[in-house]
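Reviewing the structure listed below.
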Amino acid sequence: MKMKVVFIEYFVLTIALFTISCGIITPDFDSERAFTYLIDQCNFGTRHPGSDGIIACRRYILNHLEKNGAVTEVQDFEYEIRGKNLQCQNLIGHFSPDISRRIIIAAHYDTRPWADKEPDVTLHNTPIPGANDGASGVAVLLEIGNILATKPLENLGVDLVFFDLEDSGDYGDSDSWCIGSRYYAENLGKDYPEKAIIVDMIGDADLEIFMEYFSYQNSPSLVKDIWNIANERGYEQFKNKITNAIIDDHYPLLEAGIEAIDIIDFSYPVWHTMNDVQEQCSAKSLKVVGQVVIDYLYRDEK
């Protein structure tokens, strides 16, 4: 994932966070099963655009969605990166497609082609493993798919969206990142979802999730709803502060007029290095994020 930090100073949040109503029983997010999905992706090798690994990962995601009864959709698009024309695909699983009220839960599944944050400059052209930066968000979505298949929502349709070509940009050039989500946002037509939740880099064993500035600025109610649920659960990994403004996959959706937020751990020391491996990640962290999203989706179900 490429985080373009455009606003660095931390602000203590001054809003009140209210407790959500108790007594709502929601499905359990299986973190151990989700972690196996993270490992499976890493076993494909690097999943940068044009690689054998990303082709295998696409098949894996689509097979999982189809097994869970989702109506699958593939968005094909081309994009040129550093003189190379790339064939890219956004992958979508529509759950309860006949329900008009819809929400997007999304993550990117590609990994960075260059380990250009490595101290060893000889590794700068080596693709990263992408255990946290890529695989963690996908793992959470795949487990959410399991839950949606076994306990369908009655009042809300869910689109699980897996964005391609998020992580092949150039530092300092905001327009070179999040290409898949930009394509998605530009091709929605009239099928606008009510809301969108992006999960990115949420597998870090030392998980800390602050409120992202653009998310709160544009979608404060959704941010507060999610953080209220985390507080109700006692998940101290969710911090009640607004911090950096990040250009991530939520940003093109915000530009398209969708209420969207980014759930992301800003601080990951091995970001864009060869040490972004599964040993840096934790099933517990997947649990925290996955359960909060599940609670949000199911809280109004009777």
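The figures follow:
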{"read-out": "Residue ID - surrounded by the fewest Cβ atoms within 10 Å (Cβ to Cβ), chosen from residues in the range 1-51 that are of a type in the set (A, V, I, L, M, F, W, C) and at pLDDT 95 or above", "value": "ILE39"}
{"read-out": "The range 85-127: number of residues that are farther than 30 Å from GLU154 by Cα and among the hydroxyl-bearing types (Ser, Thr, Tyr)", "value": "3"}
{"read-out": "Total residues in the range 139-177, condition within 24 Å of ASP204 (Cα to Cα) and among the aliphatic types (A, V, I, L, M)", "value": "9"}
{"read-out": "Candidates ASP98, ASP116, ASP133, ASP110 - the one that is of a type in the set (D, E, K, R), crowded, with 22+ Cβ neighbours inside 10 Å and not in a helix (DSSP H, G or I)", "value": "ASP110"}
{"read-out": "Subset tally (residues that are modelled with pLDDT of 95 or more, within 23 Å of GLY130 (Cβ to Cβ) and touching a Ser or Thr at 6+ places or on another chain (Cβ under 8 Å)) for the range 65-85", "value": "1"}
{"read-out": "Number of positions in the range 39-87 that are part of a helix (DSSP H, G or I) and not acidic (Asp, Glu)", "value": "18"}
{"read-out": "The range 211-227 residues that are at negative phi, paired with ones that are among the basic types (Lys, Arg) and part of a strand (DSSP E or B) (beta carbon under 6 Å, 6 or more apart)", "value": "LEU222/LYS195"}
{"read-out": "Candidates ASP265, ASP276, ASP249, filtered to the one that is crowded, with 21+ Cβ neighbours inside 10 Å, modelled with pLDDT of 95 or more and under 28 Å from GLY189 (Cβ atoms)", "value": "ASP249"}
{"read-out": "Single match in ILE179, ILE226, ILE202, ILE198 (criterion: within 19 Å of the chain's Cα centre (by Cα), within 21 Å of ASP300 (Cβ to Cβ), surrounded by 21 or more Cβ atoms within 10 Å (Cβ to Cβ) and modelled with pLDDT of 95 or more)", "value": "ILE226"}
{"read-out": "Residue match in the range 158-178 (condition: among the β-branched types (Val, Ile, Thr) and more than 12 Å from ALA70 (Cα to Cα))", "value": "no"}
{"read-out": "Hey, ILE55 modelled with pLDDT of 95 or more, among the hydrophobic types (A, V, I, L, M, F, W, C) and in contact with a strand residue (DSSP E or B) (Cβ under 9 Å, 6 or more places away or on another chain) or not", "value": "no"}
{"read-out": "Members of the range 76-95 that are buried (at least 16 other Cβ atoms within 10 Å of the Cβ), in contact with a Gly (Cβ under 8 Å, 6 or more places away or on another chain) and not hydrophobic (A, V, I, L, M, F, W, C)", "value": "ASN90, GLY93, HIS94"}
{"read-out": "Residue ID - nearest to ILE39 (Cα to Cα), chosen from residues in the range 136-166 that are in contact with a Pro (Cβ under 8 Å, 6 or more places away or on another chain) and not in a helix (DSSP H, G or I)", "value": "ASP164"}
{"read-out": "Inter-residue pairs, beta-carbon under 6 Å, first within 28 Å of ARG182 (Cα to Cα) and in the range 149-165, second in a loop (DSSP other than H, G, I, E, B) and among the β-branched types (Val, Ile, Thr), 6+ apart", "value": "GLY157/ILE99"}
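The rows are residues; the columns are (1) in a strand (DSSP E or B); (2) of a type in the set (A, V, I, L, M, F, W, C).
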position	(1), (2)
ALA185	no, yes
TYR192	no, no
TYR216	no, no
VAL223	no, yes
ILE226	no, yes
ASN231	no, no
LYS239	yes, no
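The values are calculated or read from the model by the stated rules, or taken from the named source; none is laboratory data. Just so we're clear, the structure is a prediction, and the values are computed from it rather than from any experiment. Virtual Cβ from ideal backbone geometry, glycine too; neighbours counted across all protein chains shown.
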